1. Name the residue that is modelled with the lowest pLDDT, counting only residues in the stretch 70-86 that are out of contact with any helix residue (DSSP H, G or I) (no Cβ under 6 Å at 6 or more places or on another chain) and aromatic (Phe, Trp, Tyr).
2. If I filter the stretch 328-345 for residues that are charged (D, E, K, R) and surrounded by 13 or more Cβ atoms within 10 Å (Cβ to Cβ), do I get at least one hit?
3. So, in the stretch 98-109, of the ones that are assigned to a helix (DSSP H, G or I) and more than 12 Å from the ligand (Cβ to nearest atom), which residue ends up surrounded by the most Cβ atoms within 10 Å (Cβ to Cβ)?
4. Leu123 fails exactly one of the following numbered conditions: (1) away from the ligand (no atom under 14 Å from the Cβ); (2) of a type outside the set (Val, Ile, Thr); (3) touching a helix residue (DSSP H, G or I) at 6+ places or on another chain (Cβ under 8 Å). What is the number of that condition?
5. Could you list, in sequence order, the residues of the stretch 131-170 that are part of a loop (DSSP other than H, G, I, E, B) and in contact with a helix residue (DSSP H, G or I) (Cβ under 7 Å, 6 or more places away or on another chain)?
6. Somewhere in the stretch 307-328, is a residue more than 10 Å from the ligand (Cβ to nearest atom), free of Cβ contacts under 8 Å to residues at least 60 places away in the same chain and farther than 22 Å from Asp28 by Cβ?
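The values are calculated or read from the model by the stated rules, or taken from the named source; none is laboratory data. This structure is a prediction, so every number in the text was calculated from the model and none was measured. A quick note on method: Cβ atoms are made from the backbone with ideal geometry, for glycine too, and the neighbour counts reach across all protein chains shown.
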Amino acid sequence: MPSLTWPSKHLLAPQAAALIKDSIIHPDGRGYPGTVPESRLILGDNLAVMAALLPEYEGRLNLIYADPPFFTNRKFSARIGRGEDSRRPNEWILTEGYPDAWPNLDAYLDFLYQRLALMYRLLAPNGTLYLHLDWHANSYARILLDEIFGQQNLLNEIIWTYHGPSPIRSAFNRKHDTILAYFKGSNYTFNADAVREPYNPSTLMTFKASPKAGFGKIPNLERGKVPEDWWYFPVVARLHNERTGYPTQKPESMLQRIILASSNPGDFVADFFCGSGTTPVVAARLGRKFIASDITLHAVHTTRRRLVASQAEVFSLERDASFPFPFSDSAKIKIAVEKDLVRIDTPLPLDYWELDPAWDGKIFKSAAQAQRPVRSGEISGEMKMRVPARVQVKTGRRICVRLVTVAGEMFQLVLNV
Ligand SMILES: C[S@@+](CC[C@H](N)C(=O)[O-])C[C@H]1O[C@@H](n2cnc3c(N)ncnc32)[C@H](O)[C@@H]1O
């Protein structure tokens, strides 16, 4: 079998991250304070994060969707304004997105190979990996995945097509990505009935007109068909209700198809390049547990606020010890507490704030959250605390409030009540 080699190709035992459980997030107070989270959102380099997860999760993740940088040699910024005109990029308000810049292809393949090998180890025997790339590197990745999974374990090469403006005049417009799906074992999960879609109206018409169409095979037209391996979903730039401003965000409908097909309720769905959090948000909505990570604070924050907005079940927010949460000086923020109401007063443009009504000084238990509405309207400056009776009787209770501005600056304030 042919294989791909390059001078620096190697698989080292990666250094495991020291994971710190920073917060337990109870979206809208769900399950506060007693529910123990099974889903995890982790800040850190996924090589070290996956290595740290191995002792607990090796052979246990049912589905991994991986949408890494594509080897585009570009730098992607995130948009943090609201309702901005897509056609006027010079008016956008931007912040840190993520870099996709590499000294050469070898360095990119080193990056990918190590991580794909760890994903393979984390997958359950019935698990599937979906690796999302485009023309820049997908052919190299295909050979690497053949090596790691076995050539015969290619489930599909899926083509995702879309529309959008393009400046290209010297070639055909590049408007598709490639998703390589590999299963680990032959008893892999594939729920064909969960992803059926209606037949094309012209197919229905053809069968109505002539029962001979289909060369003697009459499909169950009511049940619908299993989708082909080429998919059309509009890009998120066209989906106003989904758009977070995070670069290269993927459509929820596409993740929904992948998750429904290749996992069952209660399964673990992972995304170690989670970006804006599309995979964990859809996984949570479909009753799956998730493990998601990203290397940037902006991605992890965007994922957290999206999970909260979609009223996901309780999840933990963790970080590699070498990725601190940089809290700034909070002199510009005033907080007042009146019975069960917390009010904040600040000139800072807030994106998100949350509160722990009984701060133990260790793990932040986020019992209530407020966030800036995506398109228009203001973030609420007050929040109700639901303090459980057993916490209320404690004397000398402390309240902790955490805030994130639109530009991603973080603050933490502690009050004695
Ligand atoms: C293509 S984007 C993912 C977009 C995501 N699928 C979504 O729908 O928003 C790739 C992501 O990989 C992250 N990333 C790059 N290198 C990483 C690493 N070593 N560990 C963890 N995340 C990384 C980037 O920060 C970026 O958010």
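1. Result: Phe76.
2. Yes, that holds for at least one residue.
3. Out of the qualifying residues, it is Leu109.
4. (3)
5. Listed by number, the residues that qualify are Ala137, Gly164.
6. Yes; the residues of the stretch 307-328 include at least one that is more than 10 Å from the ligand (Cβ to nearest atom), free of Cβ contacts under 8 Å to residues at least 60 places away in the same chain and farther than 22 Å from Asp28 by Cβ.
To keep it simple, each residue is scored yes or no on (1) closer than 23 Å to Tyr140 by Cα; (2) surrounded by 15 or more Cβ atoms within 10 Å (Cβ to Cβ); (3) over 22 Å from the mean Cα position of the chain (by Cα).
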residue	(1), (2), (3)
Thr178	yes, yes, no
Thr189	no, yes, no
Asp193	no, no, yes
Glu197	no, no, yes
Lys208	no, no, yes
Lys212	no, no, yes
Gly216	no, no, yes
Arg243	no, yes, no
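For every residue, the table says whether it meets (1) assigned by TED's automatic domain parsing to the domain that holds Thr72; (2) of a type outside the set (Gly, Ala, Ser); (3) under 30 Å from Arg121 (Cβ atoms).
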site: Gly150; (1), (2), (3): yes, no, yes
site: Asn153; (1), (2), (3): yes, yes, yes
site: Met205; (1), (2), (3): no, yes, no
site: Asn220; (1), (2), (3): no, yes, no
site: Phe233; (1), (2), (3): yes, yes, no
